[in-house]
C-alpha cells in the first residue's frame, strides 16, 4: 500500500523531514511540564475581549468582506492599515505594495518557491529560523552559511563572499531579536548591508516578527526602511511582518512588503496556493486594530516579556545554576535566548534528562543547517511566568547535574 | 530594477500566469454589472448570526484553541466533526486521517507539490477546474487530457490510456457538479473507475466541493467511499472537501482525507507552508457546526440555488434567447452550467460586448489546458437572484445579436 503513494513523491519532496520542534512541542503539553521549547506568545496577553468585539463588528459592518471570497492581495482596509504601520518604521509604501499572507511563514514559503531553484545558492545566518529551512526544504537550495555573533550577521563575511564572486539568490535574515539566538543586527552593519545589496544587486529577505518586542532602547530601523531611504522605493529588500506576536498567532495574518515586480509574482503564486488569506481573520485583525489597539497593547507585551527575560537571565546567573563555562546571549527583546554549554555537554542527550525533570528546550543543533551547535540550546522566556522560569531553570540545572 | 528580481525567478515559476478569472472578477464588481462569471456563493445565505455566536463561544470556551498556535493537522474537535461528516458519505475514517487545510485550494497545492515532478504525467478532465491548473503551474506536469460528456469523465478513455501503458502520477477529478461544466460522474463510471484504480495502482485526487448541492435526486457517493468500501481504508483516493460552499468561503476551511502514508507527507509539507490553518477560523467553523447547523442550512442552499438554476435554464430556453444551435448542460446541482455557442462565435470576443451590456461570464477556453473551447462559456447561477438571472440572460442575448 505504501508504495502506491511513496513511489510517486516528487524529487523535491523526497528528503522532507518533520519539524523536530513541532514534534517536540507535542511532548510539552503535559500540565506539569515547564516548556522553554516553544515559540509561543503568552496567552494571558491575548486581547480576547477586543478580538470578540472586532469579530462582532466585522460581521455586522462588513459581512461580505468577512465571509465571502476576497482579493488575493488581501482586505483593502487591512492593507492600508499595515502600510500605515510599517510607514512608521520608515517603510513608506503605498497600500498596494502590501500583500497579506497566512502568517509570515507563508511569506517564506512563497519566496522560496519563487526564487529558489534546486541547487541555487541562498545566503543565511549559520544559526537561523527553523521554519525558513523547513519552508525551503522542497526547493533544495544550496545554503551559504554566514557567521553571526552578538551584533548579528557578520556582514563583512558576506562582503567577502560577494567580493569572491558568490551571487546568492538572496540573503535571508531575521534582523531583530533573531530566532533562535536573540541577537539583533547592529545599526552600522545594517547600513553596510544595504550598501552591499545595492553594490552587488543582492536581494535581501528581511524577516522581522519580533522587532516591536524591545525591552530597552528603541525600535531598530528595518533594513527595508534603509533600502527605501536609499532608493525612494523598495528595491533590494523584501520585508516580512506578522500580527502573530503582536495580537494573536491563531489569526494567521502576516504581510509582505515587496518591490513591485516581485509582488506581482507573489500575488500570482498565492492565487494558486490558497486564493487568499482568510477573510474573517483579516477583517477581525483590521477591526481589532483600526482604533490603535496595538499602541496600547504592545507596551503591555514589552513589560511582561521584559520581566520574564530578566527573570531568566537572573536565574541562569544564579550561583551554581549552570556549569562553569556556560554562556548565554542577553537579548534586548524578542522571545528567546541562546545558551552555549561547555563543549562536552550534548544538548540532545540533556533534553532526555530534562524532560524527565519536566522541563523542555530545543537543542541548538536543529537550527544549524550546516551541522554543529551540539552544545547549544534555545530557551523561550515569553510563555512562562517568572516563578515558572525560576523553577524551570532549577530543573534544567538538576538535569545537568544528573548527567555530570 | 525589474531584473534584480525577475532574473532570479525559479524555473518552475517562470511561466506562471495570473488567473484570468480572478482578473476578470475585478471588472465585475460594478454595482450595475450582472455577473455570471464568479464562483461565489450567495451571500444572503451566509449564516452570519450563527457565525457571530460561534466566534463568541469559541473565544469564551476555547480562547487558547482560537488564538494560539495550533497543531499542523488541525483543531482536534473539528477533525472529529469532519470525520463524522464524511463518515455519513461512506468515508469511514478515524479523525487522525483528516487534515484541515486553508480551503481545498491549499489541498490541491499540497498534492501538486508532493506528487508532481516537472514533466510527470497527470490525468485530468479535458475541461477542468482552473484553480487546480493554477495550483500546479509551478510543478509543470504533463497533462493527459481525458474527454468528458454529460456523464462526466469518459472512464473508458482512461482505461484505454492505462491499458496502453500510461502511468499518471494521479487522476484529478471534480466528481460532482464539476466546475466548470456542471456534469457529475455517473454511478456506473464511478464503480469502474475505482476498479481501474485498484487494477493499475492509480492514485485519484477527488475534489468534491459541490457534492452536497444537489437539486434533485440524492447525494452521489464519492469515489473515496467506494475505495474505502473495497479496501477497508482509504487506498487509492485522496478526498478534498471544504466548508466554502456550505458555510462561508471567507473562513478558508477545507479538509483532506488521505491514505495514511500520504497524509504524513502532507502534514510535513504543511508545517513549512503555514504552520497550520487559522486557529480562529477552525474554532469558529467547529462551534458554528457542532450542533447540526449544516443539516438545517444546506437544504436552504439547495432550495435557493435550485430555483436559480431553474431560472437560468428557463431564460436560456426562452424564444430567441440564444442563437440556434446553442447547447448547454442541465446540471443536477452545483453552481455552474456550461454553454456551447454555434462554432463560429468566439466567447472571448463576445465577452467584450457582454461587458458593455453589463453582463459577465467566463470564456470557456480558459478551462481547456490543451486549447479549444473557443465557443464555450461558464455561467454561474448561484450568485444572482432569479430576476437578475433573467435580465442577465437578456443582456447576454443582446450582446450576441450585437455581434451578429
Completion exercise
Most fluctuating of B:319, B:348, B:391 in the GNM of chain B (C-alpha, under 10 Å) is B:319
Problem - Among A:56, A:212, A:233, residue whose mean-square fluctuation peaks in a GNM of chain A (springs only between Cα atoms under 10 Å) - result: A:56
Completion exercise
One would report the Cα pair-distance distribution of segment A:173-325, bin width 5 Å, in %, as 2, 8, 13, 17, 16, 16, 12, 8, 4, 3, 1, 0
Problem - Calculated on alpha-carbon atoms, Rg and Dmax of segment B:103-177 in Å - result: 12.2, 36
Problem - Antiparallel content of DSSP bridges confined to the protein assembly as shown, in %, to 5 - result: 55
Completion exercise
Shielding of A:349-357 by other chains, given as the mean Cβ count within 10 Å, works out to 0
Handout entry: Rel. contact order, % - alpha carbon contacts under 8 angstrom, at least six apart, chain A
Key = 23
Fill in the blank from the handout: Checked chain B with the C-alpha gyration tensor, a ≥ b ≥ c its square-rooted eigenvalues, rounded below a/c of 1.5, otherwise prolate if a/b is larger than b/c and oblate if not; verdict rounded
Problem - Evaluated at q = 0.05, 0.08, 0.10 Å⁻¹: base-10 log I(q)/I(0), Debye formula over Cα of the protein assembly as shown - result: -0.27, -0.68, -1.06
Problem - Mean separation of Cα contacts under 8 Å (6+ apart) over length of segment B:205-263, as relative contact order % - result: 33
Problem - Extension gain from residue B:320 to residue B:166, taking 0.36 nm per residue of separation minus the Cα-Cα distance - result: 50.8 nm
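What percent antiparallel are the DSSP beta bridges of chain A, to the nearest 5?
55
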Completion exercise
In terms of the alpha carbon gyration tensor, root eigenvalues a ≥ b ≥ c, rounded if a/c is under 1.5 and otherwise prolate when a/b exceeds b/c or oblate, segment B:167-211 is oblate
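To one decimal place, what Kirkwood hydrodynamic radius in Å is obtained for segment A:267-321 from all pairs of distinct Cα atoms?
Hydrodynamic radius (Kirkwood, Cα only) of segment A:267-321 equals 14.9 Å.
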Practice task
Mind telling me which of A:57, A:140, A:97 comes out most flexible in a GNM of chain A, alpha-carbon contacts under 10 Å?
Solution key: A:57
Exercise for the section: Using only alpha carbons, build the gyration tensor for segment B:27-101 and give me the equivalent ellipsoid semi-axes, biggest first, whole Å. Expected result: 31, 20, 13
Problem - Pair residue A:231, residue B:3: separation of 7 Å Cα→Cβ label points (nm) - result: 1.4
Handout entry: Three-way shape label, segment B:1-158, alpha-carbon gyration tensor, a/c 1.5
Key = rounded
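Would you mind ranking B:279, A:201, A:35 by Cβ crowding within 10 Å, fewest neighbours first?
A:201, A:35, B:279
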Practice task
Shortest first and in nm with one decimal, please list how far the residue A:264 label point sits from its counterparts in the other copies (point 7 Å along Cα→Cβ).
Solution key: 4.4
Handout entry: Radius of gyration and maximum dimension Dmax of segment B:3-63, Cα, Å
Key = 20.2, 52
Handout entry: Residue-averaged [θ]222 nm for chain B, counting only DSSP H segments that reach four residues, each worth -39500 (n - 2.57)
Key = -13000 deg cm²/dmol
Practice task
For peptide A:129-140, compute the average count of partner chain beta-carbon atoms within 10 Å of each residue's beta-carbon.
Solution key: 3
Practice task
May I ask for the Kirkwood hydrodynamic radius of segment B:58-148, worked out over all distinct Cα pairs and given in angstroms to one decimal?
Solution key: 15.6
Exercise for the section: Would you tell me the mean number of C-beta atoms belonging to other protein chains that fall within 10 Å of each C-beta in B:104-113, as a whole number? Expected result: 4
Completion exercise
Assertion target for B:307, A:150, A:49, ordered by fewest C-beta neighbours within 10 angstrom first, is A:49, A:150, B:307
Fill in the blank from the handout: So, with points 7 Å from each Cα along the Cβ direction, the residue B:191-residue B:307 label distance in nm works out to 3.8
Handout entry: Near-label residues of segment B:234-259 by backbone N, under 19 Å of a point 7 Å along Cα→Cβ of residue B:388
Key = B:245-250
Fill in the blank from the handout: Evaluated at 25 °C and 0.890 mPa s, the Stokes-Einstein D of segment A:244-393 based on the Kirkwood radius over Cα pairs, in µm²/s, stands at 132
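Quick note: the coordinates plus some simple rules give every number you see, no bench work behind them. Please read all numbers here as calculations on a predicted model, not as lab measurements. Neighbour counts run over all protein chains shown; Cβ positions are idealised from the backbone, glycine included.
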